[in-house]
Amino acid sequence: MKIVVIGGTGLIGSKLVKKLREHGHEAVAASPNTGVNSVTGEGLANALKGASVVVDVTNSPSWEDAAVLKFFETSTRNLLAYEAAAGVGHHVALSVVGTERLLDSGFFRAKLAQENLIKASSIPYTIVRATQFFEFVKSIGDLSTDGNKVRMPSALIQPMAADDVASAVARIATSSPVKGTVEIGGPEKFHLDELIRLDLAARKDPREVITDPQGRYYGIKVTERALVPDDNAQLGETHFKDWLNQSTKQAAKPALQSA
Ligand SMILES: NC(=O)c1ccc[n+]([C@@H]2O[C@H](COP(=O)([O-])OP(=O)(O)OC[C@H]3O[C@@H](n4cnc5c(N)ncnc54)[C@H](OP(=O)(O)O)[C@@H]3O)[C@@H](O)[C@H]2O)c1
């Protein structure tokens, strides 16, 4: 099956392309780096020729409110129009669990706009809503840092490994369209403050995490369960502490080698 991965050079996209190829599919990594731009339309018609499935795992280069909305609206409109012309039978898009509960953020308003365009289109689709990637946890702490203090609420979060996200998206992309939304998440729930403390400690980062009910996730206030998926979410297998162990060991390697 020919599967075009828009954003196929990104964190999830590159893992997804590799997994699809391992399963014998013709997976095309499409992004500006490979001459395909979903915002301008450059290279799209050619990339989509003969494709059965298109997976959208793009992200906007800018997260500023107006720019991110323009990116997801323009890109999604283009993709759906080019897919209709090419006879693509399944549009898969990666979104975020709890998007409608996070609309104080321009980023999530843009993701909701993306989902709504997909739902209104004639292309059979599956929207995959994932929880936060383990790889993104460090940025969550960085975004709430003031000096050497990180102010975090204790709301729940159920993060997952990017590798498990890619496996789930690969499974969904090679199945029939759900014509709806599927949620995926990690195997365990944490409190946000506790998660950031674990992450900083493993990285020997001296910043102190202050538990603060007024603290922000990604610049916005979140309720206790805003970030967690429903009970019927498909769960990844990788545990945060194992991943953290592995990734901090890998990060330490070049330093040891050059010592
Ligand atoms: N971070 C999280 O915790 C999280 C959680 C749930 C869902 N998500 C969603 O997952 C998706 C993928 O995230 P990611 O971290 O894998 O993204 P990423 O690593 O930032 O990769 C973004 C990809 O988008 C491509 N791209 C940018 N502009 C493009 C354009 N005009 N046309 C085509 N491709 C373009 C980039 O291509 P180049 O390499 O050529 O620039 C790159 O391949 C996002 O939509 C995000 O909302 C994220």
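The values are calculated or read from the model by the stated rules, or taken from the named source; none is laboratory data. Every value quoted in this text rests on a predicted model; they were computed, and no experiment measured them. Cβ sites come from the backbone with ideal geometry, for glycine too, and all protein chains shown count toward neighbours. Keep in mind that these areas ignore ligands, DNA and RNA; they rest on the heavy atoms of the full protein, side chains included. Shrake-Rupley method; radii C 1.70, N 1.55, O 1.52, S 1.80 Å.
Treating r as the C-beta distance of D212 and E73 and R0 as 30 Å, the FRET efficiency rounds to 0.30. Rounded to two decimals, the Cα radius of gyration of segment 126-193 over 2.2 N^0.38 Å is 1.35.
Qualifying GluC sites (Glu not before Pro) in segment 189-259, where qualification requires a DSSP coil assignment and no more than 15 other C-beta atoms within 10 Å, comprise E224, E237.
Under the simplified labelling scheme, the H239-A84 pair shows an inter-label distance of 4.9 nm, with each label point 7 Å from Cα along Cα→Cβ. Once both labels are positioned 7 Å from their Cα atoms along Cα-to-Cβ, the gap between S139 and K253 label points is 2.3 nm. In order along segment 48-63, phi translates into HN-Hα couplings of 8, 4, x, 7, 8, 9, 10, 10, 9, 10, 6, 9, 6, x, 10, 9 Hz, rounded to whole numbers, per the Karplus curve 6.51 cos²θ - 1.76 cosθ + 1.60 with θ = phi - 60° and x for Gly and Pro.
The stretch between D231 and L103 holds 43.8 nm of extra length on full extension. This uses 0.36 nm per residue minus the Cα-Cα distance. For S95, the residues 5 or more places off, or on other chains, whose built amide H falls under 5 Å of its own are V128, R129, A130.
Which percent, nearest 5, of DSSP beta bridges in the chain are antiparallel? The antiparallel proportion sits near 15 percent.
Taking the accessible area of segment 56-139, probe 1.4 Å, and keeping the other protein chains in place, the carbon and sulfur fraction comes to 56%.
Considering every alpha-carbon pair of the chain, the percent of pairs per 10 Å bin, from zero through the bin containing the longest distance, is 7, 29, 34, 21, 8, 1.
An oblate overall shape is assigned to segment 199-259, the ratio a/c of its alpha-carbon gyration tensor axes (a ≥ b ≥ c) being 1.5 or greater and a/b not exceeding b/c. Shape analysis of segment 157-259 places it in the oblate category; the axes a ≥ b ≥ c from the Cα gyration tensor give an a/c of at least 1.5, with a/b not above b/c.
Over all directions, the projected convex hull of the C-alpha atoms in segment 1-42 averages 2.8 nm² in area. Peptide packing: for 148-154, 49-55, the average count of neighbouring Cβ atoms within 10 Å per residue gives the ranking 49-55, 148-154, highest mean first.
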